[in-house]
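The values are calculated or read from the model by the stated rules, or taken from the named source; none is laboratory data. Only a predicted model underlies this, so the values are computations on that prediction, with no experimental measurement involved. Quick reminder, even Gly has a Cβ in these numbers, built from the backbone with ideal geometry, and neighbours come from all protein chains shown.
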Amino acid sequence: MVALLFTLMFSGNISQAQTYQEAKDLAFKGEYGKSREMCRKILANDFDPDVAVLMARTYAWDSKYDSARVTLAEVLKREPTNRDALDAISDVQYWDNKYGDAIRYCDIALAKNAKDEHFMLKKAKILNAMADYKQSTGLLEALLQINPANAEARKKLLEIRIDQMKNRVRLTYTYDLFEKKSNKDPWQLAALSYGRKTSIGAIYGRINWADRFGSKGFQYEMDAYPHLSENNYLYLNAGYSNLSIFPKVRSGAEWYHSFPKAFEGSLGMRALFFTNSNTYMITGTVGKYVGNYWISLRSFVTPSSTGTSVSGSIQARRYFADPEDYIGLRLGYGVSPDDRRYGDVNSSYLKLKSQSARVEYNHLFNKIWTTNIGFSLAHEEFAAMGYVLNYTFDVGITRFF
(Lines give C-alpha, C1' and ligand atoms only; values in the text may rest on other atoms or scores of the structure.)
Protein backbone atom coordinates (compact mmCIF):
# COMPACT_ATOMS: atom_id res chain seq x y z
CA MET A 1 0.00 0.00 0.00
CA VAL A 2 2.82 2.39 0.95
CA ALA A 3 4.67 1.51 -2.25
CA LEU A 4 1.55 2.16 -4.32
CA LEU A 5 0.99 5.55 -2.65
CA PHE A 6 4.63 6.49 -3.24
CA THR A 7 4.34 5.50 -6.91
CA LEU A 8 1.19 7.58 -7.38
CA MET A 9 2.79 10.63 -5.72
CA PHE A 10 5.98 10.28 -7.74
CA SER A 11 4.12 9.90 -11.04
CA GLY A 12 1.99 12.92 -10.16
CA ASN A 13 5.09 15.05 -9.64
CA ILE A 14 6.53 13.87 -12.95
CA SER A 15 3.27 14.73 -14.70
CA GLN A 16 3.17 18.20 -13.16
CA ALA A 17 6.80 18.84 -14.12
CA GLN A 18 6.09 17.75 -17.67
CA THR A 19 3.05 20.01 -17.85
CA TYR A 20 5.06 22.97 -16.54
CA GLN A 21 7.72 22.34 -19.18
CA GLU A 22 5.03 22.23 -21.85
CA ALA A 23 3.67 25.54 -20.57
CA LYS A 24 7.17 27.06 -20.79
CA ASP A 25 7.63 25.76 -24.31
CA LEU A 26 4.32 27.28 -25.38
CA ALA A 27 5.22 30.62 -23.76
CA PHE A 28 8.58 30.78 -25.55
CA LYS A 29 6.78 30.04 -28.83
CA GLY A 30 4.55 33.06 -28.22
CA GLU A 31 1.41 31.04 -27.46
CA TYR A 32 0.75 32.92 -24.24
CA GLY A 33 -2.95 32.08 -23.89
CA LYS A 34 -2.39 28.31 -24.11
CA SER A 35 0.54 28.57 -21.71
CA ARG A 36 -1.60 30.43 -19.14
CA GLU A 37 -4.35 27.83 -19.39
CA MET A 38 -1.88 25.07 -18.52
CA CYS A 39 -0.53 27.16 -15.64
CA ARG A 40 -4.03 27.64 -14.25
CA LYS A 41 -4.67 23.91 -14.27
CA ILE A 42 -1.45 23.26 -12.34
CA LEU A 43 -2.17 26.02 -9.82
CA ALA A 44 -5.73 24.69 -9.29
CA ASN A 45 -4.19 21.54 -7.77
CA ASP A 46 -1.36 23.12 -5.80
CA PHE A 47 0.38 26.48 -5.64
CA ASP A 48 3.77 26.44 -7.36
CA PRO A 49 5.72 29.73 -7.40
CA ASP A 50 7.59 28.82 -10.60
CA VAL A 51 4.32 28.21 -12.40
CA ALA A 52 2.83 31.44 -11.07
CA VAL A 53 5.86 33.46 -12.20
CA LEU A 54 5.66 31.93 -15.67
CA MET A 55 1.96 32.80 -15.90
CA ALA A 56 2.70 36.35 -14.77
CA ARG A 57 5.37 36.73 -17.43
CA THR A 58 2.95 35.64 -20.16
CA TYR A 59 0.58 38.38 -18.94
CA ALA A 60 3.44 40.88 -19.09
CA TRP A 61 4.47 39.78 -22.59
CA ASP A 62 0.87 40.41 -23.61
CA SER A 63 1.13 43.89 -21.98
CA LYS A 64 -1.46 42.87 -19.36
CA TYR A 65 0.58 44.42 -16.58
CA ASP A 66 -2.19 44.59 -13.95
CA SER A 67 -2.85 40.85 -14.22
CA ALA A 68 0.89 40.17 -14.02
CA ARG A 69 1.17 42.30 -10.88
CA VAL A 70 -1.74 40.51 -9.18
CA THR A 71 -0.20 37.10 -9.87
CA LEU A 72 3.27 38.13 -8.71
CA ALA A 73 1.88 39.80 -5.58
CA GLU A 74 0.55 36.40 -4.49
CA VAL A 75 3.98 34.83 -4.96
CA LEU A 76 5.71 37.61 -3.00
CA LYS A 77 3.10 37.40 -0.26
CA ARG A 78 4.10 33.79 0.30
CA GLU A 79 7.82 34.23 -0.48
CA PRO A 80 8.87 37.91 -0.12
CA THR A 81 12.42 37.31 -1.40
CA ASN A 82 11.62 34.90 -4.24
CA ARG A 83 14.31 35.90 -6.77
CA ASP A 84 12.38 34.93 -9.91
CA ALA A 85 9.30 36.81 -8.74
CA LEU A 86 11.34 39.94 -7.91
CA ASP A 87 12.99 39.66 -11.31
CA ALA A 88 9.62 39.43 -13.06
CA ILE A 89 7.89 42.20 -11.08
CA SER A 90 10.80 44.59 -11.66
CA ASP A 91 10.49 43.88 -15.41
CA VAL A 92 6.73 44.49 -15.30
CA GLN A 93 7.14 47.83 -13.54
CA TYR A 94 9.96 48.88 -15.86
CA TRP A 95 7.99 48.00 -19.01
CA ASP A 96 5.01 49.90 -17.59
CA ASN A 97 7.25 52.96 -17.01
CA LYS A 98 6.91 52.69 -13.22
CA TYR A 99 10.63 53.14 -12.67
CA GLY A 100 10.49 53.90 -8.96
CA ASP A 101 8.65 50.64 -8.22
CA ALA A 102 11.03 48.71 -10.47
CA ILE A 103 14.00 50.09 -8.50
CA ARG A 104 12.30 49.17 -5.20
CA TYR A 105 12.03 45.50 -6.18
CA CYS A 106 15.65 45.46 -7.37
CA ASP A 107 16.65 46.84 -3.98
CA ILE A 108 14.80 44.03 -2.19
CA ALA A 109 16.83 41.48 -4.18
CA LEU A 110 20.08 43.39 -3.60
CA ALA A 111 19.37 43.59 0.13
CA LYS A 112 19.51 39.80 0.13
CA ASN A 113 22.65 39.67 -2.04
CA ALA A 114 24.43 43.00 -2.59
CA LYS A 115 26.68 41.43 -5.27
CA ASP A 116 23.89 39.97 -7.41
CA GLU A 117 25.21 40.98 -10.85
CA HIS A 118 21.85 40.45 -12.57
CA PHE A 119 20.00 42.90 -10.33
CA MET A 120 22.90 45.37 -10.29
CA LEU A 121 22.81 45.48 -14.09
CA LYS A 122 19.02 45.68 -14.16
CA LYS A 123 18.96 48.54 -11.65
CA ALA A 124 21.63 50.39 -13.66
CA LYS A 125 19.51 50.11 -16.82
CA ILE A 126 16.46 51.46 -15.01
CA LEU A 127 18.47 54.34 -13.53
CA ASN A 128 19.72 55.12 -17.03
CA ALA A 129 16.13 55.21 -18.31
CA MET A 130 15.42 57.70 -15.50
CA ALA A 131 18.37 59.81 -16.77
CA ASP A 132 20.16 59.26 -13.45
CA TYR A 133 23.48 58.70 -15.22
CA LYS A 134 25.66 59.27 -12.17
CA GLN A 135 24.09 56.48 -10.10
CA SER A 136 23.82 54.22 -13.15
CA THR A 137 27.51 54.51 -14.09
CA GLY A 138 28.54 54.18 -10.45
CA LEU A 139 26.60 50.93 -10.13
CA LEU A 140 28.07 49.53 -13.34
CA GLU A 141 31.59 50.48 -12.28
CA ALA A 142 30.98 48.67 -8.96
CA LEU A 143 29.69 45.63 -10.85
CA LEU A 144 32.80 45.54 -13.04
CA GLN A 145 34.98 45.74 -9.95
CA ILE A 146 33.22 42.56 -8.77
CA ASN A 147 33.41 40.87 -12.18
CA PRO A 148 35.43 42.56 -14.97
CA ALA A 149 34.31 39.75 -17.32
CA ASN A 150 30.67 40.91 -17.37
CA ALA A 151 30.47 41.85 -21.06
CA GLU A 152 26.92 43.22 -20.91
CA ALA A 153 27.81 45.59 -18.06
CA ARG A 154 30.91 46.75 -19.94
CA LYS A 155 28.88 47.46 -23.07
CA LYS A 156 26.15 49.28 -21.13
CA LEU A 157 28.67 51.46 -19.30
CA LEU A 158 30.14 52.58 -22.63
CA GLU A 159 26.67 53.38 -23.97
CA ILE A 160 25.75 55.45 -20.93
CA ARG A 161 29.02 57.37 -21.03
CA ILE A 162 28.36 58.24 -24.65
CA ASP A 163 24.84 59.38 -23.71
CA GLN A 164 26.30 61.50 -20.91
CA MET A 165 29.17 62.97 -22.89
CA LYS A 166 27.91 63.33 -26.43
CA ASN A 167 31.09 64.93 -27.78
CA ARG A 168 34.50 63.44 -28.44
CA VAL A 169 37.74 64.97 -29.72
CA ARG A 170 40.59 62.62 -30.63
CA LEU A 171 44.17 63.28 -31.76
CA THR A 172 46.43 60.47 -33.02
CA TYR A 173 49.96 60.29 -34.37
CA THR A 174 51.70 57.37 -36.13
CA TYR A 175 55.38 57.08 -37.02
CA ASP A 176 56.66 54.34 -39.37
CA LEU A 177 60.35 53.47 -39.49
CA PHE A 178 61.79 51.12 -42.15
CA GLU A 179 64.95 49.04 -42.06
CA LYS A 180 67.99 50.67 -43.67
CA LYS A 181 68.17 48.50 -46.78
CA SER A 182 64.88 49.98 -48.01
CA ASN A 183 66.30 53.54 -48.20
CA LYS A 184 62.79 54.68 -47.36
CA ASP A 185 62.24 57.81 -45.34
CA PRO A 186 59.99 57.45 -42.27
CA TRP A 187 56.26 57.83 -42.76
CA GLN A 188 54.12 60.05 -40.57
CA LEU A 189 50.37 60.16 -40.15
CA ALA A 190 48.37 62.42 -37.85
CA ALA A 191 44.59 62.61 -37.48
CA LEU A 192 42.26 64.99 -35.67
CA SER A 193 38.62 63.97 -35.30
CA TYR A 194 35.47 65.29 -33.69
CA GLY A 195 32.46 63.11 -32.98
CA ARG A 196 29.00 63.67 -31.57
CA LYS A 197 26.24 61.33 -30.46
CA THR A 198 22.92 62.26 -32.10
CA SER A 199 19.41 60.84 -31.92
CA ILE A 200 20.13 58.61 -34.94
CA GLY A 201 23.65 57.54 -33.92
CA ALA A 202 27.21 58.82 -33.68
CA ILE A 203 28.73 60.99 -36.43
CA TYR A 204 32.46 61.76 -36.79
CA GLY A 205 34.46 64.14 -38.94
CA ARG A 206 38.20 63.54 -39.37
CA ILE A 207 41.17 65.27 -40.99
CA ASN A 208 44.14 63.04 -41.81
CA TRP A 209 47.58 64.46 -42.56
CA ALA A 210 50.32 62.28 -44.06
CA ASP A 211 53.99 62.61 -44.96
CA ARG A 212 55.11 59.70 -47.16
CA PHE A 213 56.55 58.98 -50.62
CA GLY A 214 58.10 62.44 -50.56
CA SER A 215 54.70 64.17 -50.41
CA LYS A 216 52.60 65.76 -47.70
CA GLY A 217 48.92 66.54 -47.60
CA PHE A 218 45.43 66.04 -46.22
CA GLN A 219 42.51 63.68 -46.50
CA TYR A 220 39.00 64.50 -45.23
CA GLU A 221 36.63 61.84 -43.92
CA MET A 222 33.20 61.33 -42.37
CA ASP A 223 32.06 58.29 -40.37
CA ALA A 224 28.52 57.57 -39.19
CA TYR A 225 27.04 54.81 -37.04
CA PRO A 226 23.25 54.95 -37.56
CA HIS A 227 21.31 53.04 -34.90
CA LEU A 228 18.73 50.70 -36.46
CA SER A 229 17.49 48.78 -33.41
CA GLU A 230 18.71 47.46 -30.07
CA ASN A 231 20.89 44.83 -31.77
CA ASN A 232 21.61 46.43 -35.14
CA TYR A 233 23.59 49.40 -36.40
CA LEU A 234 25.43 50.51 -39.54
CA TYR A 235 28.90 51.85 -40.24
CA LEU A 236 29.11 54.36 -43.12
CA ASN A 237 32.28 56.04 -44.37
CA ALA A 238 33.22 58.58 -47.04
CA GLY A 239 36.54 60.32 -47.69
CA TYR A 240 38.23 62.58 -50.23
CA SER A 241 41.76 63.74 -51.07
CA ASN A 242 43.31 65.39 -54.12
CA LEU A 243 46.72 63.83 -53.39
CA SER A 244 48.10 60.53 -54.67
CA ILE A 245 49.28 59.54 -51.17
CA PHE A 246 45.61 58.89 -50.37
CA PRO A 247 42.82 57.31 -52.43
CA LYS A 248 41.05 60.09 -54.33
CA VAL A 249 37.71 58.88 -52.94
CA ARG A 250 37.01 56.19 -50.37
CA SER A 251 33.68 54.83 -49.15
CA GLY A 252 32.41 52.02 -47.00
CA ALA A 253 29.24 50.51 -45.56
CA GLU A 254 28.83 47.69 -43.04
CA TRP A 255 25.95 46.19 -41.07
CA TYR A 256 26.59 45.02 -37.48
CA HIS A 257 24.37 42.69 -35.49
CA SER A 258 24.61 41.55 -31.86
CA PHE A 259 23.76 37.87 -31.46
CA PRO A 260 22.96 35.94 -28.26
CA LYS A 261 25.75 34.67 -26.00
CA ALA A 262 27.93 37.78 -26.51
CA PHE A 263 28.54 37.22 -30.25
CA GLU A 264 28.70 40.03 -32.81
CA GLY A 265 28.98 39.81 -36.58
CA SER A 266 29.11 42.15 -39.54
CA LEU A 267 29.05 42.19 -43.33
CA GLY A 268 29.98 45.08 -45.60
CA MET A 269 32.05 46.54 -48.39
CA ARG A 270 34.77 49.12 -49.10
CA ALA A 271 35.41 51.01 -52.32
CA LEU A 272 38.62 52.94 -53.08
CA PHE A 273 38.91 55.15 -56.15
CA PHE A 274 42.44 55.96 -57.30
CA THR A 275 43.62 58.11 -60.20
CA ASN A 276 44.00 55.19 -62.61
CA SER A 277 41.98 52.38 -61.02
CA ASN A 278 39.21 51.47 -58.63
CA THR A 279 39.12 48.73 -56.00
CA TYR A 280 36.08 47.08 -54.38
CA MET A 281 36.30 44.82 -51.34
CA ILE A 282 33.93 42.63 -49.37
CA THR A 283 34.53 42.45 -45.64
CA GLY A 284 33.06 40.86 -42.54
CA THR A 285 33.76 40.17 -38.90
CA VAL A 286 32.91 37.65 -36.21
CA GLY A 287 33.53 38.60 -32.59
CA LYS A 288 32.78 37.25 -29.13
CA TYR A 289 33.32 38.12 -25.49
CA VAL A 290 34.93 35.28 -23.56
CA GLY A 291 35.22 36.26 -19.93
CA ASN A 292 37.56 39.26 -19.72
CA TYR A 293 38.52 38.86 -23.38
CA TRP A 294 37.14 40.16 -26.67
CA ILE A 295 38.20 38.12 -29.71
CA SER A 296 37.46 39.25 -33.26
CA LEU A 297 38.22 37.98 -36.76
CA ARG A 298 38.05 40.21 -39.84
CA SER A 299 38.64 39.37 -43.49
CA PHE A 300 38.83 41.40 -46.70
CA VAL A 301 38.23 39.78 -50.10
CA THR A 302 39.30 41.81 -53.14
CA PRO A 303 38.17 40.40 -56.50
CA SER A 304 39.83 41.59 -59.70
CA SER A 305 40.51 40.56 -63.29
CA THR A 306 43.96 39.29 -62.28
CA GLY A 307 42.71 37.17 -59.39
CA THR A 308 41.16 37.45 -55.96
CA SER A 309 43.29 38.52 -52.99
CA VAL A 310 42.46 37.91 -49.34
CA SER A 311 43.71 39.71 -46.24
CA GLY A 312 42.62 39.44 -42.65
CA SER A 313 43.39 39.84 -38.99
CA ILE A 314 42.64 38.38 -35.59
CA GLN A 315 42.37 40.72 -32.64
CA ALA A 316 42.14 40.03 -28.92
CA ARG A 317 41.65 42.41 -26.01
CA ARG A 318 41.97 41.70 -22.32
CA TYR A 319 39.72 44.06 -20.32
CA PHE A 320 40.26 45.13 -16.74
CA ALA A 321 37.79 46.82 -14.38
CA ASP A 322 36.64 49.37 -16.97
CA PRO A 323 35.67 49.04 -20.65
CA GLU A 324 38.28 51.69 -21.52
CA ASP A 325 41.08 49.85 -19.71
CA TYR A 326 42.55 47.04 -21.80
CA ILE A 327 45.59 45.59 -23.49
CA GLY A 328 45.31 44.26 -27.01
CA LEU A 329 47.06 42.13 -29.60
CA ARG A 330 46.37 42.03 -33.34
CA LEU A 331 47.91 39.67 -35.89
CA GLY A 332 47.39 40.47 -39.54
CA TYR A 333 48.02 39.14 -43.01
CA GLY A 334 47.92 41.34 -46.10
CA VAL A 335 47.05 45.04 -46.28
CA SER A 336 43.82 46.37 -44.80
CA PRO A 337 42.03 49.26 -46.57
CA ASP A 338 40.94 50.47 -43.11
CA ASP A 339 44.55 51.14 -42.11
CA ARG A 340 45.03 54.84 -42.89
CA ARG A 341 48.83 54.40 -42.88
CA TYR A 342 48.58 53.01 -46.39
CA GLY A 343 47.65 54.99 -49.46
CA ASP A 344 50.06 54.21 -52.28
CA VAL A 345 49.75 55.72 -55.72
CA ASN A 346 47.64 52.85 -57.03
CA SER A 347 45.37 50.09 -55.82
CA SER A 348 47.90 47.32 -56.55
CA TYR A 349 49.49 48.08 -53.19
CA LEU A 350 46.49 46.50 -51.47
CA LYS A 351 47.38 43.16 -53.08
CA LEU A 352 50.92 43.01 -51.73
CA LYS A 353 51.70 40.54 -48.97
CA SER A 354 52.38 41.50 -45.38
CA GLN A 355 52.57 39.85 -41.97
CA SER A 356 52.17 42.07 -38.93
CA ALA A 357 51.71 42.06 -35.17
CA ARG A 358 50.55 44.97 -33.00
CA VAL A 359 50.30 45.39 -29.23
CA GLU A 360 48.41 48.25 -27.60
CA TYR A 361 47.41 49.62 -24.22
CA ASN A 362 44.32 51.78 -23.63
CA HIS A 363 43.64 53.58 -20.35
CA LEU A 364 40.90 55.83 -18.95
CA PHE A 365 41.78 58.55 -16.48
CA ASN A 366 39.60 61.15 -14.74
CA LYS A 367 36.64 59.51 -16.56
CA ILE A 368 36.94 62.05 -19.41
CA TRP A 369 40.29 61.19 -21.01
CA THR A 370 41.60 58.06 -22.68
CA THR A 371 45.07 57.44 -24.00
CA ASN A 372 46.22 54.69 -26.32
CA ILE A 373 49.76 53.66 -27.17
CA GLY A 374 50.78 50.95 -29.61
CA PHE A 375 53.73 49.29 -31.30
CA SER A 376 53.65 47.23 -34.49
CA LEU A 377 56.19 45.08 -36.27
CA ALA A 378 55.50 44.19 -39.89
CA HIS A 379 57.20 42.17 -42.62
CA GLU A 380 55.88 44.04 -45.65
CA GLU A 381 56.22 43.49 -49.36
CA PHE A 382 57.07 46.43 -51.64
CA ALA A 383 56.83 46.03 -55.39
CA ALA A 384 60.29 47.46 -56.11
CA MET A 385 62.35 45.87 -53.33
CA GLY A 386 60.64 42.76 -51.92
CA TYR A 387 60.13 42.38 -48.19
CA VAL A 388 61.11 45.08 -45.69
CA LEU A 389 60.80 45.25 -41.91
CA ASN A 390 58.60 48.10 -40.69
CA TYR A 391 58.44 49.39 -37.10
CA THR A 392 55.38 51.46 -36.21
CA PHE A 393 54.82 53.58 -33.09
CA ASP A 394 51.48 55.23 -32.46
CA VAL A 395 49.83 57.26 -29.73
CA GLY A 396 46.36 58.70 -29.34
CA ILE A 397 44.47 60.79 -26.80
CA THR A 398 40.72 61.35 -26.55
CA ARG A 399 38.70 63.91 -24.59
CA PHE A 400 35.02 63.27 -23.85
CA PHE A 401 32.67 66.12 -22.95
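Quick notes on this structure:
- Yes/no for residue 97 being within 26 Å of residue 259 (Cβ to Cβ), modelled with pLDDT under 95 and not β-branched (Val, Ile, Thr): no
- The residue list 192, 171, 236 contains one member that is under 25 Å from residue 373 (Cβ atoms) and free of Cβ contacts under 8 Å to residues at least 24 places away in the same chain, which is 192.
- When region 191-207 is limited to residues that are surrounded by fewer than 16 Cβ atoms within 10 Å (Cβ to Cβ) and assigned to a strand (DSSP E or B), the one that is nearest to the chain's Cα centre (by Cα) turns out to be 201.
- Once region 108-131 is narrowed to residues that are closer than 17 Å to residue 145 by Cα and buried (at least 17 other Cβ atoms within 10 Å of the Cβ), the residue that is nearest to the chain's Cα centre (by Cα) is 121.
- Candidates in region 100-142 are the residues that are in contact with a Leu (Cβ under 8 Å, 6 or more places away or on another chain) and acidic (Asp, Glu); of these, the one that is farthest from residue 83 (Cα to Cα) is 141.
- Every residue from region 325-353 that is in a loop (DSSP other than H, G, I, E, B) and at pLDDT 90 or above: 325
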